[in-house]
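Contents: one structure, followed by commentary.
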Amino acid sequence: MKNILILAIFILLFGCESNVEGIFYISNGSKDQTEIPLRLIVDNDTIFDQTAKYTNIAPDLQYIENKTLTKGKHKIIFELGNLGLRRIENVEFEKDKWIFLSYEFKKPADSIRRAELDKSFGGKKDSTNLFLYNGRKPSLTFHIMENEPIHQ
């Protein structure tokens, strides 16, 4: 009986060590598309599937999902179904991780905005300001942090 008790204690102590947390921050960073349907799937388990709204707040903490995972490699799918936009990452979890997932899109500047930009930059278009003129194509960003972020 004593051996079973010791074994149970070891299993409890070391068994808890095999689980880690994935903390997912999901945001819509596009003021040109203020509501978009985003989906987050971790190992075939959908943990987020709803319309994400743009807030103009950074960091945007309105959509946070936690997922308890076993240590090891996990498949993470972040997608915007209505555009067929999908990002797949295989992430190794040996400890808790904070993962920031964001949708980005900026439409090209209209003629009035282009005139304002030309005035500001003297008509010079280069790599530092070209995105202001041309906008940004729809994209999904994925950023992993090994240590808990500090929010102030």
- prompt: Mean 1/r over all different Cα pairs, inverted: what Kirkwood radius does the range 21-145 give, in Å?
  reply: 16.1 Å
query: Sequence-distant or interchain residues sharing an amide H contact under 5 Å with L85, placed H: which?
result: L80
- request: Rounding to the nearest 20 debye, state how big the charge dipole of the range 14-81 is about its Cα centre with +1 on each Lys and Arg Cβ and -1 on each Asp and Glu Cβ.
  value: 120 debye
- line: Residue-ordered couplings for the range 132-137, obtained by feeding phi - 60° into the Karplus form 6.51 cos²θ - 1.76 cosθ + 1.60 and rounding to whole Hz (Gly and Pro as x), are 5, 6, 8, x, 10, 5
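The numbers here are math on the coordinates, done by the rules we state, and not lab data. In this text, all values refer to a predicted model and were calculated from it rather than measured experimentally. All Cβ positions, glycine included, derive from the backbone under ideal geometry; neighbour counts span all protein chains shown.
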